[in-house]
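Structure, as structure tokens:
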Amino acid sequence: MAKVSANISLDAEVKKEAQALFSEFGLDLSTAINLFLRQSIREQRIPFEIKMDMPNAEIIAAMQEVERMKEHPEEYKSYTSFKELLKDVIDDV
């Protein structure tokens, strides 16, 4: 099988950490990438689940805000209807 070169752009820190990890398995970066590509072809999919296990900073901030709202509801405005809320939001725009 003929070999070809491919150029990819990587974050320097990601490359460094990946090389350290793969060397623990006795692999260089090129071999590890080839393993990934071959497994992807074999399975006809990305060979692992892609998901966000950890909430991002925006979600964490929103969760913290909800907790503050629960602990101190007196500090937040409440509405008796959606129409009332909408009027307040539109007036603020």
Theoretical ellipticity at 222 nm over the chain - DSSP helices of four or more residues, -39500 (n - 2.57) apiece, nearest 500: -18500 deg cm²/dmol
- prompt: In nm, to one decimal, how far is the modelled label at Glu65 from the one at Lys15, with both set 7 Å along Cα→Cβ?
  reply: 3.9
- prompt: Which ordering of Asp88, Asp53 is given by a fewest-first count of other beta-carbon atoms within 10 Å?
  reply: Asp53, Asp88
Between helix 82-92 and the chain: long-axis angle, C-alpha atoms, 0 to 90°, nearest 10: 80
message: I need the calculated FRET efficiency for the pair Ala6 and Met54, taking r as the beta carbon distance and R₀ as 35 Å, to the nearest 0.05.
response: 0.70
query: Using a basic spin-label model with each label point 7 Å from the Cα along Cα→Cβ, how many nm lie between Tyr79 and Glu43?
result: 4.5
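No value in this document is a laboratory result; all are computed from the given coordinates. These figures come from a predicted structure and were not determined experimentally. For neighbour counting, all protein chains shown are included, and Cβ atoms are generated from backbone atoms with ideal geometry for every residue, glycine included.
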